[in-house]
Amino acid sequence: MELRRDPITQSWVILGQGEALAAAPEECPLEPAKIEKLRSILTWPAEGAWQVRVLPHPHPLYHVEGDPGRLAEGMYDKMVALGAHEVVVETPLHDKRMSQFSDEEIERVLCVWASRIADLKKDARFKYVSVFKNQGALAGEEWSHAHSQVTATIFVPRRIKYELSSAHEWFKDKERCIFCDTVRQEEKQGKRIVDVQGDYYALCPYASRVPYEVWLMHRPHNHLFEQPRPGSNRRQLAALLGRVLRRLEKMSLAYHLVVHTSPNTKNKKGELAGYWKTLADDYHWHIEILPIVEKTSKSYSIKEVYFNAELPEQAAANLRALDPNS
Ligand SMILES: [Zn+2]
Ligand SMILES: [Zn+2]
Ligand SMILES: [Zn+2]
């Protein structure tokens, strides 16, 4: 596997066959009897019956060995696919989806995500730690057993780079966080808000890319998902996430979920060096959920420009009308 950078868009692409494309095994490889024999990176709770267990990915896209240096190939840049790739098994039960977890069980998964991000950021080679969850065959899930994935990479993913540079520009101009401004504007208008729990908001973003796209945002400013502000209550975030997932699953069982948090400030190299001075003030963690609604999957066919037939104001109204408790 290698990473190549498109010199025009500056996006990194993972290339190579790898093992990732191997056919899915017949039997679920995430069953407790199987994974208890493997090395665990983190088990929660550590004693007694576990709920969440983190393992190295059996067919990783990134490997921890190697030198993060770039190699030139004429005008092009490439790197070895150095990084970490982990699987978070969210429950020992094969048929239980996250939407069916109790608030406390969802909170445990959120805590494990945070703990893996914080731990991987100790390695200064890594520029960014991604946490994502693909549920459903349409979302490209690897196994049907409830799980999420963590990757640590030596580059910042393209969408995060876009967010960082916009947030930086906004802050330079207005001395305010663009995400805090978004929450304030949405609160004022109200029409795209799906649900609220404490200081946590679930909303359909103004320029939703896909039908029923939902972001979860915390009103108090904080750039680090992995380091909650004193006094914040992750159980409330868990409760809100559970309710949002139960609503969304009435539309579609398939979705992508991704946590967006700050890049690793221990890494001072590369194109974002010098940027870090205002990072803590201008970036703001959030969770993005992109459902895959089959009947309108046409939205995905035009990749250059997103086309979404469902207005977010209508999507939020439809989601609000659904029962979040069943
Ligand atoms: Zn299973
Ligand atoms: Zn903010
Ligand atoms: Zn984002």
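The values are calculated or read from the model by the stated rules, or taken from the named source; none is laboratory data. Computed from a predicted structure; not experimentally measured. Every residue, glycine as well, gets a Cβ built from its backbone with ideal geometry; the counts of neighbours run over all protein chains shown.
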Pick from segment 75-98 the residues that are in a loop (DSSP other than H, G, I, E, B) and at pLDDT below 90: which of them is surrounded by the most Cβ atoms within 10 Å (Cβ to Cβ)?
Ala81
List every residue pair whose Cβ atoms lie under 9 Å apart, where the two residues are 6 or more positions apart in sequence or sit on different chains, the first residue falls within segment 41-68 and is within 28 Å of Glu107 (Cβ to Cβ) and part of a loop (DSSP other than H, G, I, E, B), and the second residue, located anywhere, is charged (D, E, K, R) and modelled with pLDDT under 95.
Trp50/Glu36; His57/Glu142; Pro58/Glu19; Pro60/Glu19
Would you point out the residue of segment 186-241, among those that are touching a residue at least 24 places away in the same chain (Cβ under 8 Å) and polar (S, T, N, Q), that is surrounded by the most Cβ atoms within 10 Å (Cβ to Cβ)?
Ser208
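Specify which of the listed residues (Val52, Val88) is of a type in the set (Val, Ile, Thr) and under 30 Å from Lys269 (Cβ atoms). It would help to see each step written out before you state the result.
On the way: Val52 fails: under 30 Å from Lys269 (Cβ atoms).
Of Val52, Val88, the one residue that is of a type in the set (Val, Ile, Thr) and under 30 Å from Lys269 (Cβ atoms) is Val88.
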Determine if segment 265-273 includes at least one residue that is of a type in the set (D, E, K, R), more than 20 Å from Glu175 (Cβ to Cβ), in contact with a Pro (Cβ under 9 Å, 6 or more places away or on another chain) and modelled with pLDDT of 95 or more.
no
Is there any pair with a first residue in segment 279-291 that is touching a residue at least 40 places away in the same chain (Cβ under 8 Å) and a second that is more than 13 Å from ligand 3 (Cβ to nearest atom) and of a type in the set (Gly, Ala, Ser) whose Cβ atoms are under 8 Å apart and which are 6 or more apart or on different chains, and what are they?
Pro291/Ser252; Pro291/Ala254
Considering only segment 161-183, I want to know if a residue exists there that is among the charged types (D, E, K, R), within 14 Å of ligand 3 (Cβ to nearest atom) and within 24 Å of Tyr62 (Cβ to Cβ).
yes
Of the conditions (1) under 18 Å from Leu30 (Cβ atoms); (2) assigned to a helix (DSSP H, G or I); (3) not hydroxyl-bearing (Ser, Thr, Tyr), the single one that Glu163 does not satisfy is (1)
Of all residues in segment 184-221 being out of contact with any helix residue (DSSP H, G or I) (no Cβ under 9 Å at 6 or more places or on another chain) and farther than 26 Å from Lys250 by Cα, the one that is farthest from ligand 3 (Cβ to nearest atom):
Lys188
Taking only pairs six or more apart or across chains, which ones have beta-carbon atoms under 6 Å, a first residue in segment 155-181 that is closer than 22 Å to Lys268 by Cβ, and a second residue that is more than 14 Å from ligand 3 (Cβ to nearest atom) and of a type in the set (Val, Ile, Thr)?
Phe171/Thr278
I'd like to know if segment 283-294 contains one or more residues that are under 27 Å from Ser165 (Cβ atoms), more than 15 Å from the chain's Cα centre (by Cα) and modelled with pLDDT of 95 or more.
yes
